[in-house]
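Each remark here refers to the structure printed beneath this line.
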Amino acid sequence: MTDENPPFSSDDLEEIPTFFHCTVEKKAFSKCTYCEKSLIESHYIIEKLMQANEPMVEFALCTACIEGLIASLSKESLENMRKSREPFLFIPGDHCISCKKTPKEAKRSIHVGMFYSEHYISDSHIWTCSECIKEKQKLLSKKTRERLEDFNRDILAPFNSGVDLNLLPF
């Protein structure tokens, strides 16, 4: 994933939906939550951990931080994900990508959208319920889980909310 040649056309770019605005600042994210790099002229994702309709945690991650997370996956985790029948990547829709629960049926859920600069990439909002996330996490090696838990602690430090780190997908 690089920021130079976008895999989409300008027709795919929309105004960022309010759902993906930073809840605290009441506006679009402007920098990566992890490294604080500007998101202008960059690809990035926004992730929100929701309980019912309330965001518990939200963050934006730039391309470099996403690539760093992917690089931190152990060989064992990558092999387990390849062998899994469950899709580890996401398919859009208004239901959990794995079990097809509706938002009302899920106690907690994780929502992810893809963005470029100050734009939302059309139809990139996907989500999965906490129960399916926990199942997918079983595919991760102990080494990968430890690395991702460290990342989660860094991301969650400003929230200091006692969020269950095992619920987060990174």
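Okay, residues lined up against (1) closer than 27 Å to THR144 by Cβ; (2) buried (at least 18 other Cβ atoms within 10 Å of the Cβ); (3) touching a residue at least 60 places away in the same chain (Cβ under 8 Å); (4) not aromatic (Phe, Trp, Tyr):
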position	(1), (2), (3), (4)
PRO17	no, no, yes, yes
VAL24	no, no, no, yes
CYS35	yes, no, no, yes
GLU41	no, no, yes, yes
PHE59	yes, yes, yes, no
ILE70	yes, no, no, yes
ASP94	no, no, no, yes
PRO103	no, no, no, yes
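Yes or no: GLU54 under 18 Å from LEU140 (Cβ atoms), acidic (Asp, Glu) and open to solvent by 80 Å² or more (accessible area, probe 1.4 Å)?
Working: under 18 Å from LEU140 (Cβ atoms): no; acidic (Asp, Glu): yes; open to solvent by 80 Å² or more (accessible area, probe 1.4 Å): yes.
Against the criterion (under 18 Å from LEU140 (Cβ atoms), acidic (Asp, Glu) and open to solvent by 80 Å² or more (accessible area, probe 1.4 Å)), GLU54 does not qualify.
Which of the residues belonging to segment 105-119 are among the polar types (S, T, N, Q) and either open to solvent by 60 Å² or more (accessible area, probe 1.4 Å) or under 14 Å from the mean Cα position of the chain (by Cα) (or both)?
SER109, the sole residue that qualifies.
Take LYS138 and decide whether it is open to solvent by 60 Å² or more (accessible area, probe 1.4 Å) and either of a type in the set (A, V, I, L, M, F, W, C) or at pLDDT 85 or above (or both).
Values: open to solvent by 60 Å² or more (accessible area, probe 1.4 Å): yes; either of a type in the set (A, V, I, L, M, F, W, C) or at pLDDT 85 or above (or both): yes.
So LYS138 fits the description; yes.
If I go through segment 43-57 residue by residue, how many of them are free of Cβ contacts under 8 Å to residues at least 60 places away in the same chain and of a type in the set (A, V, I, L, M, F, W, C)?
Keep residues of segment 43-57 that are free of Cβ contacts under 8 Å to residues at least 60 places away in the same chain, which gives 51-55.
Filter again for of a type in the set (A, V, I, L, M, F, W, C), leaving 52.
Of the residues in segment 43-57, 1 are free of Cβ contacts under 8 Å to residues at least 60 places away in the same chain and of a type in the set (A, V, I, L, M, F, W, C).
Of ARG82, ARG145, ARG153, which residue is at pLDDT 85 or above, of a type outside the set (Phe, Trp, Tyr) and out of contact with any strand residue (DSSP E or B) (no Cβ under 9 Å at 6 or more places or on another chain)? Quick ask: steps written out before the conclusion?
Details: ARG82 fails: at pLDDT 85 or above; ARG153 fails: at pLDDT 85 or above.
Checking each option against the conditions leaves just ARG145.
Tell me which of these PHE29 doesn't satisfy, since it passes every other one: (1) part of a loop (DSSP other than H, G, I, E, B); (2) at pLDDT below 90.
Only one criterion in (1) part of a loop (DSSP other than H, G, I, E, B); (2) at pLDDT below 90 is unmet by PHE29, namely (2).
The values are calculated or read from the model by the stated rules, or taken from the named source; none is laboratory data. Values in this document were obtained by computation on a predicted structure and should not be read as measured data. Neighbour counts are summed over all protein chains in view; Cβ atoms, including those assigned to glycine, are modelled from backbone coordinates with ideal geometry. Side chains are part of the model used for accessible areas, which takes the heavy atoms of the whole protein and leaves out ligands, DNA and RNA. Shrake-Rupley method; radii C 1.70, N 1.55, O 1.52, S 1.80 Å.
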